[in-house]
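Encoded as structure tokens, the structure appears first; notes follow it.
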């Protein structure tokens, strides 16, 4: 797989390999204390995972929790590819977008 290939151009097998690479690199960065870069890779991991999902599993108008992010319920206003757009209940009026793989019906475990 060439390094400059877009996630949207990858096969399911390539996406899975990229997800494993992102996971390993993210863990290395986290252990080294580079939390910001580790979070960037975490988001890219979720974006790659979103390409393995059927966007039809996310309902426009549906309410979801955001995987790994405490606070609020995310109301989906529309989908754009593998991105869900909407607002969080604890940040009303602030438009946000998340990869669909981050959306879950299960509340976060505290």
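The values are calculated or read from the model by the stated rules, or taken from the named source; none is laboratory data. Being a predicted model, the structure only gives us computed values, none of them experimental. All Cβ positions, glycine included, derive from the backbone under ideal geometry; neighbour counts span all protein chains shown.
Checked against (1) in a loop (DSSP other than H, G, I, E, B); (2) within 21 Å of residue 86 (Cβ to Cβ), residue 4 passes all but condition (2). Among the residues of the range 79-92, those identified as exposed (fewer than 15 other Cβ atoms within 10 Å of the Cβ) and over 18 Å from residue 52 (Cβ atoms) are 89, 90, 91, 92. The lone criterion from (1) touching a strand residue (DSSP E or B) at 6+ places or on another chain (Cβ under 9 Å); (2) in a loop (DSSP other than H, G, I, E, B); (3) at pLDDT 95 or above left unmet by residue 110 is number (3).
Taking residues in the range 3-18 that are without any contact (Cβ under 8 Å) to a residue 40 or more places away in the chain, and partners anywhere that are assigned to a helix (DSSP H, G or I) and surrounded by 14 or more Cβ atoms within 10 Å (Cβ to Cβ), the pairs with Cβ atoms closer than 8 Å and at least 6 places apart or on different chains are 5/14; 15/7; 15/48; 15/49; 18/7; 18/48. Exactly one residue out of 95, 107 is loosely packed, with under 12 Cβ neighbours inside 10 Å, on the phi < 0 side of the Ramachandran plot and in contact (Cβ under 8 Å) with a residue 40 or more places away in the chain, and it is 107.
For (1) over 18 Å from residue 105 (Cα atoms); (2) exposed (fewer than 15 other Cβ atoms within 10 Å of the Cβ), each residue gets a yes or a no:
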| residue | (1), (2) |
| --- | --- |
| 29 | yes, no |
| 36 | yes, yes |
| 39 | yes, yes |
| 57 | no, yes |
| 60 | no, yes |
| 76 | no, no |
